[in-house]
Every structure is written in structure tokens, then in C-alpha cells.
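Contents: one structure, followed by commentary.
The values are calculated or read from the model by the stated rules, or taken from the named source; none is laboratory data. Only a predicted model underlies this, so the values are computations on that prediction, with no experimental measurement involved. Methodologically, a virtual Cβ is constructed for each residue, glycine included, from the backbone with ideal geometry; neighbour enumeration extends over all protein chains shown.
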Amino acid sequence: MLRSSDPNRVIIFDTTLRDGEQSPGASMNIEEKIRIAHVLEAMGVDVIEAGFPVASKGDFDAVREIAKTITTSVVCGLSRATKGDIELVAEAIKPAARGRIHTFISTSPLHMKHKLQMEPEDVLKKVVESVSYARRFTDDVEWSCEDGSRSEHDFLCRCVEAAIGAGARTINIPDTVGYAVPEEFAALIRMLFDRVPNIDQAVISVHCHNDLGLAVANSLAAVSAGARQVECTINGLGERAGNAALEEIVMGLRTRHDRMPFTTGIKTESIMRASRLVSAITGFVVQPNKAIVGRNAFAHESGIHQDGMLKHAGTYEIMRPESVGLTASKLVLGKHSGRHAFRTKLEELNYELGDNAFEDVFVRFKELADRKKEVFDEDIIALVDDEIVRAHDRIKLVDLEVECGTRAPRAKLTLSIDGEQRHCEGTGDGPVDSAFRCIKTLFETTARLQLYQVHAVTGGTDAQAEVTVRLEENGRTVNGQGADTDTLVASVKAYLNALNKLLVKREKVAPSAALA
């Protein structure tokens, strides 16, 4: 169990890889999950919920591989209150230096009647059985009461007391459907502290959803009421309206330490790196006005605001951009910059690349610098992320030529597929459609295009375009990303990246346990 000697230390439990991935279209492959897990570990996340092993073989493998490579964070897997689920999680986290089994069951009258079709006494029995069984595999067991905020207080207290008695050392109280309001949720936490006799034997956790836009407010209210673990995600990613955003929780505690005298172990300078990585991998673009990590979070356009900022930054900024990993400088590198300067910049941006990967990115940086008048940090980030995303692709772009305008659009495309070059010429309803039709000619697929999204990395007509493509094939949904100063090239890269992910997904087979 994680418990600090500091009574004001808040444990950060990140569920981006589990609950965040449940967002429609946010599916990640194993390599992507491992990359995110390493960034989470480096930024000081206490617990990484790596997946729901019973959901699929891919989820089981992801939890197991993350458990093998993470050394400082606790690696956690989610399970229902069944022996089969618990055994799968135990097997998945076995390689972890520190592993946790997180088991849950619904406790609200609505869920028990319509979802579980169980009587309250049977649910209570399941609580004890599941926690006791999980304790056979690890001392670190977390129990959650799904739909806890809508549960009857008497029954909730009995379940919490029973779970602690059975050996759970973290008790999580979720606001599963985002129904609570801050004072109400804080009162719920205070009620548990007042009424559960053995509550001092466990860390109280909260997991809030954002259906009413109150996930962060509810989480912070719960911390003030005594909770010492917060379950959250990068960028607030999650099903429906999402989860409490890690960056908002952490920076809220840091910035308003005068009202909330609590601390975390998060290295806040890594927040932007984590945000951009999750956004790039999932294809979920962060809204410009998103707190902490949005493009406009530290931008000032109003004349009055600009005047104030020039006189004293504190007039309109309650935290420094550098505190979340943003750099104050804008134009940093250019075509005359050398390897040493470029490597130093990568280190400033929290990137660590091997020699071969560094050389590949450096060559692409030089090519970009020749095409752009100004190279910004955002350009370099997009460049590196694009290189990493394409590193293991079996289908790669070799050459693209497009004719468009008043004449019928035409694309000439050459791809390398498993090392073999193939060429196509074709037409379509526009330059992008022409290129995508060529891809389908060279690599036959039934995948349907569900999303095509373009945004500029920086300002200016020479800005790099970041393109996200979402493909669906036989119920499998994947996102692909690509970046380039040429929007059409970026579009083809994104489409190919999505196709490569589908190739990986085709090879995955659900474990027999998941079919039980």
C-alpha cells in the first residue's frame, strides 16, 4: 500500500491507459501504451493503471509489458469482482516491482437492480470474497464501489468497512456518472470518515467523471475532506465527458497551496510533454482554451492584458509557463544549428533518443529548417513525435505527387510495403481523396475513414500541419497521425500510420478467459 508519512501528501493515480482508453476512438497499441507509461513514471505518477486485462489479449499484454519495464510507479490492473478477472490481473502484474489489483463492484440501488441484478447482501458478500481473493496475490489491493456517489450511505459504509476488513488498503469512491457537486461529494467523504470504524487502515481515493464539468472541483473538494488519492487522466481523457484532468488537479494544488495545503510527487515541468504525447497517440486534439495545457492557456491577445503582462506577468498569469514545461522563447533553432544545439533542445523538451533515432530526426529537422523561415519548439515536438509514431511502420511513404486546382485532381503515389515499392496513379474528388484512393489500390483494405482532422502546429503559411485520421475495420478503430509542412504529405502519413496500426490489431486474439 502507498501511504506517505506526510499526512498532506496526495497520491496521483493515473488511469489514462485504462479509463482514458475507453474514449471511443482512443485505442492505443502496446508500444504506445509503454511510451506513455514511461512518461508518466518519469513525471512522478505514483500509480499507473495500465489496463483491464480481461477486456482483451491486447490489454493483458499491455499490462504485463508495462509491469516488466516500470520500476518506480506502482503498476495496477483493473478487475471485476470475479476470481477469473482477479487471476488475470495477478498474472499480468506479476513482473512488476510493485503491483496492485484494483477490483470493483457496483453499490448503488440503480446499478445493483438493473446492471448486476443482485440483492445488496449478495453484493456485500462479493466485496469480501473478491478482496480476500485478491489479497492472496498481493498486499496492495484497491477496492472501488462503482456509482459510489449514488449509493445509499448505510450500505456504502458497510461495504467500505467490509472491504477494509478483508484486506483492501485503498478504498476508492467513484462519481462514476459525474452526478455529484463539490460540497455534496466532500460531505460523502467526511461521512465515511465519521462512520466507518476501520477507515484509518486505508487510503481513501476518489475517481470523478466530468459529465457536469465538475470532475476536478469534486476531486479537490474530496481531498480537502480527507481523501489522499486522486484518480485522473492526462488531458482529462475518458469515456463520455472524460475524467478529472491530472494537470488541473496537480496545478490546482500547487497554485492554491494557501487554501489547499497538499502536495504531490509530480514533476510539473513534464506536464506539457505528457499532454502532447497522449494527444498525438490518441488523436484527441486538446481544445485551445483547455486549462493548463491548451494552446491559449498562456496566450494574451487583449490590449489591456498585454499591457499588464508587459508591466508584471503576475497581473494575468497565476502560474509560470515554465512550471508546466513550456519554454519562454519562441524562435529557437534554424538551418544553421548543429547537432549539439539540437540535442540540447531535445533534452529541454524532455526527449531522450538513441543515436540512430537522433540522426534520423536531425536530418528531418534540417529538411524542415530549409523549408521554414522560423522553427518553433512546437515544430520540433511534432517532428519527433511523428518520427516515433512511424518508427515501426510496415507501410511507408516513398514519394507523393499531386495535381489539383481547376483541373481534375490526380495523385501519383509510391509506397514501400514490407520493403517492396509499389506505384499508383489515380483520381478522386480532391487531392486528399485521390491520394487515399491510391493507398487503397496499393494496399487493399475494407477500412472506413471515420475522421480526417487537420490543424496547424504553429502560425504562418509555412506552418507544419498535423493530421489525424481515424479508420474502422470490423469493429476495430484506430487513429493515425502525420506531420509535415505539406498538408497532403501529412495526410498520407496519417492514413498509413492508421493502416499500420490495423495490421497490428488484426493479429490480436482475445484470451479465452475474456470470453467466459
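Every condition in (1) over 17 Å from THR103 (Cα atoms); (2) in contact with a helix residue (DSSP H, G or I) (Cβ under 9 Å, 6 or more places away or on another chain) is met by ILE173 except one, and the failing one is (1). For the range 221-242, the set of residues classified as buried (at least 24 other Cβ atoms within 10 Å of the Cβ) and in contact with a helix residue (DSSP H, G or I) (Cβ under 6 Å, 6 or more places away or on another chain) consists of ALA221, ALA222, ALA227, VAL230, CYS232, THR233, ILE234, ASN235, LEU237, GLY238, listed by residue number.
Kindly evaluate VAL39 against the criterion of being of a type in the set (Val, Ile, Thr), within 18 Å of ILE234 (Cα to Cα), touching a Lys or Arg at 6+ places or on another chain (Cβ under 9 Å) and surrounded by 22 or more Cβ atoms within 10 Å (Cβ to Cβ).
Answer is no for this residue.
The condition (being in a strand (DSSP E or B) and within 21 Å of HIS455 (Cα to Cα)) is satisfied by just one residue among LEU383, LEU400, LEU368: LEU400. Within the set THR477, THR414, THR445, THR406, the sole residue that is crowded, with 19+ Cβ neighbours inside 10 Å and polar (S, T, N, Q) turns out to be THR477. Among the conditions (1) over 19 Å from SER23 (Cβ atoms); (2) more than 20 Å from the chain's Cα centre (by Cα); (3) not aromatic (Phe, Trp, Tyr), GLN450 misses just one, which is (1). Flag not set for ALA50, criterion: outside the structural domain of ARG470 (by TED's automatic domain parsing) and touching a Pro at 6+ places or on another chain (Cβ under 7 Å). With the structure loaded, tell me whether LEU499 is hydrophobic (A, V, I, L, M, F, W, C), in a helix (DSSP H, G or I) and in contact with a Phe, Trp or Tyr (Cβ under 8 Å, 6 or more places away or on another chain) or whether it fails that test. It is true that LEU499 is hydrophobic (A, V, I, L, M, F, W, C), in a helix (DSSP H, G or I) and in contact with a Phe, Trp or Tyr (Cβ under 8 Å, 6 or more places away or on another chain). Taking the listed residues ALA97, ALA163, ALA90, the one that is in a loop (DSSP other than H, G, I, E, B) and either closer than 30 Å to ALA37 by Cα or polar (S, T, N, Q) (or both) is ALA97, with no other qualifying.
How about the range 47-73: which of its residues are outside any helix (DSSP H, G or I), buried (at least 24 other Cβ atoms within 10 Å of the Cβ) and β-branched (Val, Ile, Thr)?
Answer for the range 47-73, where residues must be outside any helix (DSSP H, G or I), buried (at least 24 other Cβ atoms within 10 Å of the Cβ) and β-branched (Val, Ile, Thr): VAL47, ILE48.
Listed by first and then second residue, the pairs with beta-carbon distance under 6 Å, at least 6 apart or on different chains, first residue in the range 49-64 and over 13 Å from LYS94 (Cα atoms), second of a type in the set (S, T, N, Q) and surrounded by 24 or more Cβ atoms within 10 Å (Cβ to Cβ), are GLU49/THR15. Examine the range 151-167 for a residue that is within 19 Å of ARG228 (Cβ to Cβ), surrounded by 18 or more Cβ atoms within 10 Å (Cβ to Cβ) and of a type in the set (Lys, Arg), and state whether such a residue exists. No, that holds for no residue.
In the range 371-380, the residue that is modelled with the highest pLDDT out of those that are crowded, with 16+ Cβ neighbours inside 10 Å and in a helix (DSSP H, G or I) is ILE380.
Looking at the range 89-104, which of its residues are surrounded by fewer than 24 Cβ atoms within 10 Å (Cβ to Cβ) and farther than 19 Å from ALA42 by Cβ?
At the first step, the residues of the range 89-104 found to be surrounded by fewer than 24 Cβ atoms within 10 Å (Cβ to Cβ) are 90-91, 94-95, 97-99, 104.
Listed by number, the residues that qualify are ALA90, GLU91, LYS94, PRO95, GLY99, PHE104.
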